[in-house]
Amino acid sequence: MNRLAKSQIQPLLKSVPSWTLGVNEACLKRTLQFKDFNEAFGFMTRVAIQADKIDHHPNWSNVYNKVEIELWTHDAEGLTTKDFELAQFIDRVALK
Ligand code: H2B
């Protein structure tokens with residue numbers, strides 16, 4: 001899968017307004033805060049199951065109720081459409 005060019009990324013970003021771009025369009029970033037650890041880990045579990053299903057995994061960290069996520073395609077060394085698909089999935093899970 002090919003790394004997206006800057007001109008391709010800008011319109012796709014509109015579909016994931018909660019995400020910001022890393023330096024040099026290297027990744028998509030989002031920080032989420034939940035009520036407590038149980039809610040944060042439940043969210044991570046739902047995302048992890050989907051990530052493994054589509055073989056596309058987030059770089060993330062968790063401290064208590066906070067989850068910091070960075071998405072990029074390691075093989076492409078940048079962003080691909082798979083990152084935007086996973087970001088959209090994460091946004092849907094976060095709303096529940
Ligand atoms: N996740 C992400 N974010 N980027 C990848 O390039 C990637 C992945 N590659 N998950 C997959 C796994 C690859 O390593 C396996 C072998 O399919």
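A few notes on this one:
- Kirkwood analysis of the range 1-95, using all unique Cα-Cα pairs, places the hydrodynamic radius at 13.5 Å.
- Full extension of the chain between ASP55 and LEU21 yields a length gain of 10.0 nm, computed as 0.36 nm times the residue separation minus the alpha carbon distance.
- Percent accessible area from carbon and sulfur atoms, the chain, protein chains only, probe 1.4 Å: 51
- Rolling a 1.4 Å probe over the protein heavy atoms gives the chain an accessible area of 62 Å² per residue.
- Note on surface exposure: ASP52, ASP83, ASP75 rank ASP75, ASP52, ASP83 by accessible area, highest first, 1.4 Å probe.
- Remark: the LEU95-ASN2 segment gains 30.5 nm on full extension, using 0.36 nm per residue and subtracting the alpha carbon distance.
- Candidate cross-link partners of LYS53 among the lysines, defined by an alpha-carbon separation under 18 Å and a same-chain spacing of 8 or more, comprise LYS82.
- Accessible-area value, LYS29, 1.4 Å probe, nucleic acids and ligands omitted, Å²: 80
- Check: the chain dipole with +1 on Lys, Arg Cβ and -1 on Asp, Glu Cβ, in debye: 300
- GNM result for the chain, Cα springs below 10 Å: residue of LEU21, LEU12, LEU79 fluctuating most strongly: LEU12
- The range 55-96: C-alpha gyration tensor shape, a/c 1.5 cut-off, then a/b vs b/c: oblate
- Environment charge at GLU85 (Cβ cut-off 13 Å; Lys +1, Arg +1, Asp -1, Glu -1): 0
- Whole-Hz Karplus values for the range 57-73 come out as 10, x, 8, 8, 9, 9, 10, 6, 9, 10, 10, 9, 10, 10, 10, 7, 9 Hz, taken residue by residue from phi with 6.51 cos²θ - 1.76 cosθ + 1.60 and θ = phi - 60°; glycine and proline positions read x.
The values are calculated or read from the model by the stated rules, or taken from the named source; none is laboratory data. Quick caveat, the model's predicted, so the values are computed rather than measured. A quick note on method: Cβ atoms are made from the backbone with ideal geometry, for glycine too, and the neighbour counts reach across all protein chains shown. These accessible areas exclude ligands, DNA and RNA; they are computed on the full protein's heavy atoms, side chains included. Shrake-Rupley method; radii C 1.70, N 1.55, O 1.52, S 1.80 Å.
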